[in-house]
Every structure is written in structure tokens, then in C-alpha cells.
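Q: Before I ask anything, here is the structure I am working with.
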Amino acid sequence: MKKGQKSCWVVILVGLLFLNATISAAAVSFPDINASHWAWTHVSRMVEKNVISGTTRANSDVRIYAPDDPVTKVQTLTLVYKLLQETGQMQSNADFSTKYQQSLNAASIPQWAHRFVSYALEKNIITMADLVTFMEGSGTTAKENPASREEVALYFGRALDTQGKAGTGSSNLSFVDAEQISSSAMPYVAFLVNEKILSGYEDNRFRPRNTITRAEMAAVSNKSYDVLSNKSAIIIDLKPVEPEKEEEKEEDKTDVSVDRRITRTIEEVNQDTRRLFVLDDNDRLEMYDILRDAEILIKSKSSRLADLRKSQTAVLHLNKDNEIIKLIVDPEQTRFDGELISKTELDDYIVYRMENLRNLTERVNFRVNKDTEIISGSSTLRERDIKVGDRMTLFHDGLYVLKLQPYQQYDEIEGILDSVQFARYQITVRGSGNQTDTYSLADDVSIFLNDRRSDLDQLRSGDIVKLKLEKDEVVRIDATQSRASRNQVEKGFFKELRIATRPNRIFIIDKDDKEVSFDLSDRVAVYIRDEKASLLDIPMNAEVELFIEGGLVTEIDVVRNIGREVIQGEIQRIYDNSNRFTLSVSGRSETVMVYVTNSTDIYDRNYRKIDIDGLRRNDYVLVTGTYEDNDFVASRILVED
């Protein structure tokens with residue numbers, strides 16, 4: 001039997017759907033898959049139903065299916081959207097891209113996928129917490145992360161389970177590794193198994209953390225299509241979601257073709273294809289097409305595409321199709337803060353080599369000539385007064401400096417905390433007029449909360465903050481907030497995570513031995529032993545502290561693990577005659593001592609019962625048991641492939 005047959009999973013590929021044109025089944029033949037492949041029936045039917053198409057490799061126009069390639073999270077949501085669309089199960093035909101534009105861009109979601117992912121956000125198929133896991137890296141170098149089997153179950157289950165059959169999350173799954181399925185995915189795995197959309201492998205394992213191939217996804221999609229086709233067609237909302245434009249039209253009645261205006265920094269211009277690549281305020285790359293009759297103005301003068309330069313700040317006037325119909329470069333907006341590294345005098349100009357104060361790895365050359373205005377306060381200086389090492393602010397057209405002035409560093413900034421970007425180590429603050437600015441944090445930034453030393457992850461949106469900057473980095477943050485209004489802390493033992501409705505809810509057993517529940521924020525933070533984790537990592541019966549703001553749980557701290565838990569990893573050392581071994585735990589930078597008792601059940605790769613002598617160094621094992629202080633007492637050990 002072929003390797004792909006081990007899983008009854010499924011699905012499709014969306015290799016993409018990323019094409020604008022739909023390819024009919026009769027027109028498609030893939031050189032890498034044919035009728036002899038176990039998934040061909042699923043693949044060919046999904047192509048026929050316009051749910052999937054093929055993909056192409058770099059430097060090749062030949063369409064292939066790539067049946068063994070893993071499916072990404074973005075592709076999974078694209079498939080979900082196409083299935084709902086082709087079976088008449090869309091709850092809305094609206095495009096929610098504009099509504100979630102900021103979040104999609106912040107997560108580096110590819111532009112082609114915005115409609116599919118925004119629909120999933122709007123219809124609670126995914127949360128904002130899910131969204132931030134979709135991509136690795138940012139900007140043009142961002143890569144799509146693959147979807148695990150349990151994540152596919154989560155997304156498909158939420159989309160298909162319109163009647164709440166998934167219930168409270170409990171199930172009687174018989175998989176050998178059922179304990180490895182996260183509590184949030186468990187009800188949807190059970191739901192899809194009951195609908196005969198999913199099943200386990202031949203050895204009765206589900207392997208929730210494994211990726212899913214395009215061949216397997218074709219099977220999942222095909223079976224999902226059958227389930228969805230048996231439901232009555234629904235379209236709840238046919239009204240498209242568009243940004244409000246009435247005020248803009250009143251302000252600019254002479255330019256009715258303009259749908260919106262945005263300000264961006266030019267990164268690159270392709271004159272052959274008339275495509276403009278720009279950076280947004282978060283340095284994320286975007287691409288726009290420039291219409292043939294688009295008006296280009298530089299310093300209020302009509303200009304050509306060839307006159308545009310990298311680093312220019314431009315106002316883009318876009319039509320409803322996001323095409324540029326007008327582009328204005330205002331040198332007063334094109335600013336560069338830097339330190340002068342060197343000066344080289346040539347015949348007609350002087351070359352200033354500048355180091356970017358906000359990115360010390362970036363060095364840029366500018367030309368200063370007789371037309372450059374040099375300002376210091378109310379007086380005008382001469383160029384020869386400027387020395388290497390001086391910090392300056394330059395206003396330029398991408399090449400020539402139009403105006404030059406000493407750099408003004410603001411030592412203190414006061415405002416309202418908007419957000420903290422942990423991955424980029426930056427902080428965004430709202431100032432006067434609700435204007436937001438983002439600042440880089442120094443590695444050793446000091447943080448004080450209500451005059452007491454604190455940590456970055458204790459700051460909350462809405463805090464009043466004062467930032468102290470040195471060399472354009474925040475070196476100190478003083479935050480003020482009312483503890484009474486900010487935090488309500490609840491303690492108890494984790495029982496259940498319920499995801500059948502929104503918002504998600506967590507159930508705990510409180511100090512009075514009563515079951516209580518709380519709504520979760522979409523951006524809830526989870527910490528286990530002071531290390532950042534996810535909701536899926538919270539072990540059953542763990543002692544937890546819930547931090548609640550505005551009626552929503554914003555942070556969950558796992559104080560200690562009680563009761564059954566599952567850990568996995570490689571055996572590092574087995575101790576002779578002492579029934580214990582050390583385990584390097586996967587996903588954590590720690591080694592745990594595992595104790596084997598007379599009641600511990602141990603199974604080999606073929607699920608045959610063995611004793612501890614059957615374990616070997618470097619075996620990868622799945623261990624169920626309980627923590628006792630820092631040690632782990634095993635109730636069951638399963639040797640994995």
C-alpha cells in the first residue's frame with residue numbers, strides 16, 4: 001500500500017486557487033498524478049467542482065499537483081472558502097478584506113488570500129490568535145506555515161459545524177494517541193470523524209501534529225463537499241462591505257474616480273510592467289499597478305515613471321480595483337534621519353554618506369548641491385559648517401537633498417499604549433489627535449508599572465505611558481493604570497476549553513469547588529512555567545490564574561500541573577536498576593526526569609506491551625503521567641516512529 005494511503009484524511013490543494021481563472025477538469029492533466037494514484041478520484045472531482053487546481057514550480061509553466069507537498073494554513077482557509085462557495089453554504093458574499101486590512105497586513109498574509117482569510121475571521125472560523133501563526137517572518141520574505149492535522153480539523157470543523165454538533169469538546173475517540181489532541185481541536189476532530197470526513201492511520205493513531213499533504217487534503221475536501229452539498233443553500237448577507245466614502249466624496253467632488261488615498265514609501269519601480277513596490281508604516285511590502293494614464297507629480301510638476309526614486313514618500317490615489325490613478329511625491333514628506341559618515345566633494349555636488357538612525361545597518365548616499373536649503377533654528381548655516389558625526393534630518397527626492405536641518409531628538413514621549421510587538425520588539429503609542437507612532441525598544445529597556453519595576457508582557461493596551469528615548473530607542477517605560485479597573489484575577493483548576501461559540505470560553509474549578517467559566521480575548525496570552533505557550537498547551541487539571549480585563553481573559557498563567565499531562569521527546573539517558581530516564585521535551589528547552597512505576601504501561605512502535613528494558617536511548621516517546629515537583633511520573637509510555 002502506498003504511503004499516502006495510511007491516512008484517510010484528505011484534501012486538496014489550493015496550490016492554488018491562487019489563480020484568477022478557474023480551470024475545468026477537462027483542461028487539467030497533471031504529470032505527477034494519474035488514475036493509478038490512490039487520491040486521483042478525490043483530486044479529479046475537486047478540480048471538476050472548481051474547488052482546487054494545480055500549482056507551478058519556480059521557473060516552470062508546467063502545472064503539477066504536487067500530491068506529497070504539505071498544505072499551508074492559508075491554503076487550508078482558501079479551500080474552506082471555495083468549498084462553501086461551490087456548495088452554496090457561504091454565510092455572506094461580502095469581501096471583508098477592508099475591515100481586516102490592518103490585521104492581515106500585520107500578519108503578512110499574501111494579498112491574494114485576503115478575501116479568504118478575512119471571511120474566516122469574520123465568521124469565527126479562525127481567531128486573531130490563530131492568524132498570527134500563519135506566516136513565518138514578515139514582508140517579502142515571509143513564508144506560509146504548514147497546517148497540522150488538528151488545525152485542519154479545527155478550521156474545517158468550525159466551517160462545517162453550523163448546528164453546534166461539536167458540542168462541549170468531550171469525545172470518545174479511540175485513537176491510541178487521542179491524549180495528544182489539543183482540547184480546542186478535540187470536539188472538531190470527533191465531529192469530522194463522525195461525519196466520516198477524517199479517520200486515523202492504520203495503526204490507530206491520529207498524529208495531530210503531523211502536516212497534511214495535498215493528496216490527503218483532496219480527500220478531506222471531497223468528503224466535505226458531499227456533507228455540505230446535502231445542506232440547504234444559504235446566503236445570509238449579500239451586501240458588500242466597503243469603506244465609508246461619503247465624507248471623502250464631499251471633500252473631493254472633482255475626483256470621483258478616487259476610492260482611497262494612502263501614503264507609502266517607494267521601494268522599487270518596474271517600468272516594464274508599470275508595477276510599484278512600496279513599504280507601509282510597518283515596513284511591509286505592497287505592490288500596486290500604475291495605470292497607463294495615471295498622473296505622476298513630483299514637486300507639483302508633471303513627471304515620468306522613470307523619475308521615481310527609492311525611499312521617496314508618495315501619496316497614492318487608488319481606484320476601486322486598487323490601481324494607481326494618481327501619484328504625488330512631496331519632498332517635504334520624504335524624510336531621512338541619519339548620522340553623517342563621510343563627505344565627498346565632486347564638481348557639481350557633495351556626496352553625503354548617511355547612516356540611518358532607525359536602522360544602523362542601512363547606509364545611504366545623498367547629493368547636496370547649491371540648491372540645498374540648510375537650516376538651524378532661525379538662522380541659515382553654510383555647508384562647510386556640517387561635520388562628520390553630525391546628526392541631521394534630510395528632506396530629499398530620493399537622490400538630491402532639498403532641505404537639511406539638525407536632527408531633533410525627543411527625549412520623552414507621552415501617550416496611550418496601543419500595542420506591543422514582541423517579535424519585532426517595538427511599542428506603538430497613540431498621541432495627540434489619536435496619531436500612532438511605533439518605537440524600537442532597547443535590549444535592556446527598563447519598565448515600571450505604577451512606580452514598580454515590571455515586565456513588558458504586563459503592559460496593557462490603554463495604559464498611560466511615558467517613554468524615554470536614547471538614540472531613537474526606548475530605554476525606559478513608565479506606565480500608569482488603575483489596578484482595580486485593570487485586573488481581576490481568578491484562580492482554579494483548568495477543566496475545559498469550549499470553542500463551539502464565540503468568544504471562546506474557559507472552564508475552571510474555583511476555590512469553592514464550583515465550575516465557573518470566562519470569555520477569552522482573541523489575543524489572550526498563555527504562560528507555562530513563565531514561558532510563552534498557546535491555549536493548546538494547557539494541560540488538563542492544571543492550576544491556573546486568569547487575568548481578566550473588561551470582562552475578557554487576557555492572560556492565563558499555568559501555576560503548576562496537576563493530574564494527567566502528556567509530554568513527548570527523545571530519551572537522553574536510561575538509568576539502570578532505577579526505573580527512570582531523562583527526556584528532552586520537544587518544543588521546550590528543558591530535560592525532565594521520568595519515573596516508571598509498577599503500574600506504568602509501556603508500548604513499542606507496534607503497540608506491543610514491553611517493560612523499561614525495551615526502551616532505548618534516542619527513542620522518541622509519548623509519555624502520559626503527572627508532574628510531582630519537577631519530576632514526571634509516567635502512567636503510560638508509547639514509543640513513536
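Q: Since Val544 meets every condition but one in (1) at pLDDT 80 or above; (2) open to solvent by 80 Å² or more (accessible area, probe 1.4 Å); (3) in contact with a Gly (Cβ under 9 Å, 6 or more places away or on another chain), which condition does it not meet?
A: (2)
Q: Could you pull out every one of the helices (runs of 4 or more DSSP H) wholly within region 90-180 that has 3 or more residues that are within 23 Å of Asn210 (Cα to Cα)? So that I can check it myself, show each step before the final result.
A: On the way: elements: 101-106, 114-122, 128-131, 149-160.
Here the list reads 128-131, 149-160.
This table checks each residue for (1) closer than 27 Å to Ser53 by Cα; (2) of a type in the set (Lys, Arg).
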site	(1), (2)
Gly139	yes, no
Pro146	yes, no
Leu154	yes, no
Gly157	yes, no
Ala178	no, no
Ala190	no, no
Asn194	no, no
Asn210	yes, no
Arg214	yes, yes
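Q: Right, here's the next one. Could you list, in sequence order, all residues of region 556-588 that are modelled with pLDDT of 85 or more, open to solvent by less than 30 Å² (accessible area, probe 1.4 Å) and not β-branched (Val, Ile, Thr)?
A: Matches in region 556-588: Gly569, Phe581, Leu583.
Q: Turning to a different aspect of this structure: Consider only pairs whose beta carbons are under 7 Å apart and that are at least six residues apart or on different chains; among these, list those whose first residue lies in region 602-618 and is at positive phi and whose second residue is surrounded by 12 or more Cβ atoms within 10 Å (Cβ to Cβ) and assigned to a loop (DSSP other than H, G, I, E, B).
A: Pairs found: Tyr607/Val176; Tyr607/Asp203.
Q: May I pose another question? Report the residue count in region 509-541 for those that are open to solvent by less than 80 Å² (accessible area, probe 1.4 Å), part of a strand (DSSP E or B) and within 25 Å of Thr624 (Cβ to Cβ).
A: Number of matching residues: 5.
Q: May I ask you to list pairs of residues, at least six apart or on different chains, whose Cβ atoms are under 9 Å apart, with the first in region 38-51 being in contact (Cβ under 8 Å) with a residue 12 or more places away in the chain and farther than 15 Å from Ile64 by Cβ and the second being open to solvent by 40 Å² or more (accessible area, probe 1.4 Å) and assigned to a loop (DSSP other than H, G, I, E, B)?
A: Trp38/Met1; Trp38/Lys2; Thr41/Ala35; Glu48/Ser24; Asn50/Thr22; Asn50/Ser24
Q: Among the candidates Val74, Val117, Val132, which residue alone is out of contact with any Leu (no Cβ under 8 Å at 6 or more places or on another chain) and open to solvent by less than 20 Å² (accessible area, probe 1.4 Å)?
A: The unique qualifying residue is Val74.
Q: Being open to solvent by 40 Å² or more (accessible area, probe 1.4 Å) and not small (Gly, Ala, Ser) is the filter here; which residues of region 594-609 pass it?
A: Those that are open to solvent by 40 Å² or more (accessible area, probe 1.4 Å) and not small (Gly, Ala, Ser): Tyr595, Thr597, Asn598, Asp601, Arg605, Asn606, Tyr607, Arg608, Lys609.
Q: On to the next question. Filter region 270-286 for residues that are assigned to a strand (DSSP E or B) and surrounded by 15 or more Cβ atoms within 10 Å (Cβ to Cβ); which is modelled with the lowest pLDDT? Please lay out each step first, then the result.
A: In the first step, residues of region 270-286 are kept if they are assigned to a strand (DSSP E or B); the result is 270, 275-279, 285-286.
Then keep just the ones that are surrounded by 15 or more Cβ atoms within 10 Å (Cβ to Cβ); that gives 276-279, 285-286.
Numbers: Leu276: 87, Phe277: 84, Val278: 84, Leu279: 81, Leu285: 75, Glu286: 81.
Ranking the qualifying residues of region 270-286, first place goes to Leu285.
Q: Right, something else. Based on what the data block shows, is Ala66 in contact with a helix residue (DSSP H, G or I) (Cβ under 7 Å, 6 or more places away or on another chain), in a loop (DSSP other than H, G, I, E, B) and open to solvent by less than 40 Å² (accessible area, probe 1.4 Å)?
A: Considered against the rule, which asks whether it is in contact with a helix residue (DSSP H, G or I) (Cβ under 7 Å, 6 or more places away or on another chain), in a loop (DSSP other than H, G, I, E, B) and open to solvent by less than 40 Å² (accessible area, probe 1.4 Å), Ala66 comes out as yes.
Q: Continuing with this model, one more query. Every residue in region 502-520 that is modelled with pLDDT under 80 and either within 21 Å of the chain's Cα centre (by Cα) or within 27 Å of Ala120 (Cβ to Cβ) (or both), please.
A: Listed by number, the residues that qualify are Arg502, Pro503, Asn504.
Q: Give the residue, chosen from Ser257, Ser311, that is closer than 30 Å to Gly389 by Cβ, in a loop (DSSP other than H, G, I, E, B), at pLDDT below 85 and among the small types (Gly, Ala, Ser).
A: On inspection, the qualifying residue turns out to be Ser311.
The values are calculated or read from the model by the stated rules, or taken from the named source; none is laboratory data. Here the structure is a predicted model, which is why all the values come from computation and not from measurement. Positions of Cβ are generated from backbone atoms using ideal geometry, with glycine treated the same way; all protein chains shown enter the neighbour counts. When the accessible area is computed, the model is the full protein with side chains, heavy atoms only, and any ligands, DNA or RNA have been set aside. Shrake-Rupley method; radii C 1.70, N 1.55, O 1.52, S 1.80 Å.
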